[in-house]
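Working notes, beginning with the structure itself.
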Amino acid sequence: MADKQISEELKEQISKLERPNIAVIGGTGVGKSSLINAVFGKELAKTGAGLPVTQEFCRYPGDEYSENVPIFIYDSAGYEAEKEKEFVEGVLNFLSNKKKEGVDKQIHLVWYVINASSGRVQEFEKKIVDNINQKGIPAIIILSQCDRAKEEEIDGIKAALEKFNLSKVYDVLKVAASPLEVKGKRICDPFGLEELVNKTVELLPDMYTDALIAAQIVDLRAKRPVVWKYISIAAGTCFAAQASPVPVGTPALIAAQTGLCMSIASVYGYREVGEFLVTIGSITAFNAFLTAAIGDLIGVLLPGAGLATAGGSASYVVVFGLTCNAVFEKLAHNNLQGSNKEEIKQYLRDSFRKEFEKYSLLRISSPEALEIMKKTFLDS
Ligand SMILES: Nc1nc2c(ncn2[C@@H]2O[C@H](COP(=O)(O)OP(=O)(O)OP(=O)(O)O)[C@@H](O)[C@H]2O)c(=O)[nH]1
Ligand SMILES: [Mg+2]
């Protein structure tokens with residue numbers, strides 16, 4: 001009973017993550033696609049110098065992956081010189097049509113991008129931004145490529161924007177998503193991205209922010225509250241009135257830990273690793289993987305293992321959840337892209353053991369203890 005209950009609840013929680021739609025709009029070559037890639041830590045959108053790259057509104061990810069993603073982002077074709085009229089019409093039509101598709105499909109936020117080193121904003125851009133505002137869509141203005149803009153260019157744009165007297169919902173942020181390289185060396189690190197994510201979270205309705213936090217990669221600590229939600233649902237179920245204590249090593253707890261591991265993996269964008277773990281062969285193989293990594297430590301956590309109390313299974317779930325979080329947080333920091341499966345497997349096995357050992361003395365004997373743990377986890 002308990003296994004079904006836990007995994008069903010997790011599934012339901014995931015499906016409740018409403019998915020925001022963000023549209024990225026601005027001139028050609030200002031760096032819209034580069035910005036998207038930097039925020040989401042993946043080469044979602046094609047970028048490039050020279051000719052215009054993005055040709056029309058493209059949704060990322062596309063239909064083939066849409067089941068599993070917590071956010072949609074629309075990259076757009078930039079305006080080109082002398083085609084401003086078509087551009088304005090195109091953008092406004094797009095926003096109106098999306099609005100007609102309903103609350104879920106409409107654009108919830110616009111990132112309007114202006115190249116800082118151009119030193120100017122044009123009159124028709126005011127029209128677009130004003131119109132976005134009239135449609136009730138919040139917008140953030142992003143001054144891109146700030147790594148190579150002079151202060152006076154940035155000030156010039158800011159002064160022009162002030163003259164435009166745009167509504168209060170806007171914020172103007174300085175960003176460098178893909179800083180210039182000189183002789184193979186970056187002149188500075190990317191900047192402004194965390195601020196952009198934070199501001200975005202502030203402007204989006206609450207129901208959308210978990211989804212955004214899960215999808216972005218520039219601020220890893222921001223993911224913890226979402227991770228905690230998963231851990232606390234799984235652990236809380238162990239204390240629920242009718243849930244019987246879950247014996248460690250039984251299908252019930254294996255199913256719970258598998259679901260929890262996958263959910264946490266997906267918050268860090270490692271859905272594939274989560275699935276890889278789960279599908280190493282089967283859930284039994286995942287269990288064998290864990291037994292090889294941490295099996296001998298479970299006895300430390302639950303002396304005389306076997307039949308656990310509600311507190312015992314909650315402790316196990318929390319320790320396991322915190323372990324998964326630490327493993328995926330580290331994986332995101334260390335970026336193992338390019339490593340082969342065997343290397344990743346070895347890395348995961350080692351870090352599962354190390355992290356599990358670290359947390360294994362934790363005891364969660366009551367719902368109150370769960371609350372205290374929450375605070376420690378979010379503040380540490
Ligand atoms: N120096 C610097 N260059 C950048 C930055 N962001 C993007 N670029 C460069 O600007 C060029 C255009 O970037 P894209 O991201 O393709 O621009 P876009 O706005 O998507 O362009 P279109 O798709 O044509 O509308 C590329 O050569 C990028 O490497 C940045 O923050 N700093
Ligand atoms: Mg583009």
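The values are calculated or read from the model by the stated rules, or taken from the named source; none is laboratory data. Keep in mind that what you see is a predicted model, and the values were worked out from it rather than measured. Cβ atoms come from the backbone with ideal geometry, glycine included; neighbour counts cover every protein chain shown. What goes into the accessible areas is simple: the full protein's heavy atoms, side chains included, and nothing from ligands, DNA or RNA. Shrake-Rupley method; radii C 1.70, N 1.55, O 1.52, S 1.80 Å.
Reported count of residues in the range 340-366, each being surrounded by 18 or more Cβ atoms within 10 Å (Cβ to Cβ) and part of a loop (DSSP other than H, G, I, E, B), is 2.
Let's see how each residue does on (1) farther than 23 Å from residue 134 by Cα; (2) at pLDDT 75 or above; (3) within 16 Å of ligand 1 (Cβ to nearest atom):
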{"site": "11", "(1), (2), (3)": "yes, no, no"}
{"site": "14", "(1), (2), (3)": "yes, no, no"}
{"site": "33", "(1), (2), (3)": "yes, yes, yes"}
{"site": "52", "(1), (2), (3)": "yes, no, yes"}
{"site": "77", "(1), (2), (3)": "no, yes, yes"}
{"site": "86", "(1), (2), (3)": "no, yes, yes"}
{"site": "95", "(1), (2), (3)": "no, yes, no"}
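Listed conditions (1) open to solvent by less than 40 Å² (accessible area, probe 1.4 Å); (2) more than 18 Å from residue 28 (Cα to Cα); (3) in contact (Cβ under 8 Å) with a residue 24 or more places away in the chain are all met by residue 106, apart from (1).
Kindly indicate whether any position in the range 235-243 is of a type in the set (A, V, I, L, M, F, W, C), surrounded by 20 or more Cβ atoms within 10 Å (Cβ to Cβ) and at pLDDT below 85. Even if it seems obvious, please write down each step before you answer.
In the first step, residues of the range 235-243 are kept if they are of a type in the set (A, V, I, L, M, F, W, C); the result is 235, 238-241, 243.
In the following step, the residues that additionally are surrounded by 20 or more Cβ atoms within 10 Å (Cβ to Cβ) were identified as 235, 238.
Next, only the ones that are at pLDDT below 85 stay: 235, 238.
Yes, the conditions are met somewhere in the range 235-243.
Let's see how each residue does on (1) within 26 Å of residue 178 (Cβ to Cβ); (2) assigned to a helix (DSSP H, G or I); (3) modelled with pLDDT under 65; (4) open to solvent by 20 Å² or more (accessible area, probe 1.4 Å):
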| site | (1), (2), (3), (4) |
| --- | --- |
| 3 | no, yes, yes, yes |
| 7 | no, yes, yes, yes |
| 18 | no, no, yes, yes |
| 36 | yes, yes, no, no |
| 43 | yes, no, no, yes |
| 48 | yes, no, no, yes |
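Here the condition is being open to solvent by 40 Å² or more (accessible area, probe 1.4 Å), touching a residue at least 60 places away in the same chain (Cβ under 8 Å) and not assigned by TED's automatic domain parsing to the domain that holds residue 326; of 190, 138, it holds for 190 alone.
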